[in-house]
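One structure is given here, and the rest of the page talks about it.
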Amino acid sequence: MFGLIGKISTTPGHRDEVIALMSSGTGAMPGCHAYLIAADADNPDAIWITEVWETEEHHQASLQIPEVRAVIQQAMPFITGFESVAKTIPVAI
């Protein structure tokens, strides 16, 4: 198993729009056991993503899925930064 915890920073006032976009393009990702999108409780412009994948290769392959690429392209004007906070080894879901 392979896990990631990441933070996305958005332009002021666009967090909900980015969350909606990301929620629409993450349905069928082979090898994905969990993809949790959460709004930061203290920062109105931050989003936390917690991912659980079968392997790191599944995660990398997901970035080539046309629907995922389309969501990223639509969201990019509202994203000011990506921060990989931690790589994890999930042991229970």
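In the context of the full set of protein chains, the chain has a per residue accessible area of 60 Å² (1.4 Å probe).
Of all the accessible heavy-atom surface of the chain, with the other protein chains kept in place and a 1.4 Å probe, what percent is carbon and sulfur?
On the chain, the fraction of accessible area on carbon and sulfur atoms equals 58 percent.
In this label model, GLN64 and ASP16 are separated by 3.8 nm, measuring between points 7 Å along each Cα→Cβ vector.
In this structure MET1 has an accessible area near 90 Å², from a 1.4 Å probe over the protein heavy atoms. Working from label points 7 Å from Cα in the Cα-to-Cβ sense, the GLU56 to LEU36 distance is 2.3 nm.
Taking the Cα centre of the chain as origin and assigning +1 to Lys and Arg Cβ atoms and -1 to Asp and Glu Cβ atoms, the resulting dipole is close to 80 debye.
Return the calculated 222 nm mean residue ellipticity for the chain, to the nearest 500 deg cm²/dmol, obtained by summing -39500 (n - 2.57) across DSSP H runs with n ≥ 4 and dividing by the residue count. Kindly include the intermediate steps, with their values, before the conclusion.
Details: 3 runs with 27 residues, N = 93.
Value at 222 nm, helices only: -8000 deg cm²/dmol.
The values are calculated or read from the model by the stated rules, or taken from the named source; none is laboratory data. If you're wondering where the values come from, they're calculated on a predicted model, not measured in any experiment. Don't worry about glycine lacking a Cβ; one is built from the backbone with ideal geometry, like all the others, and counts go over all protein chains shown. Ligands, DNA and RNA are excluded from the accessible area calculation, which covers all protein heavy atoms including side chains. Shrake-Rupley method; radii C 1.70, N 1.55, O 1.52, S 1.80 Å.
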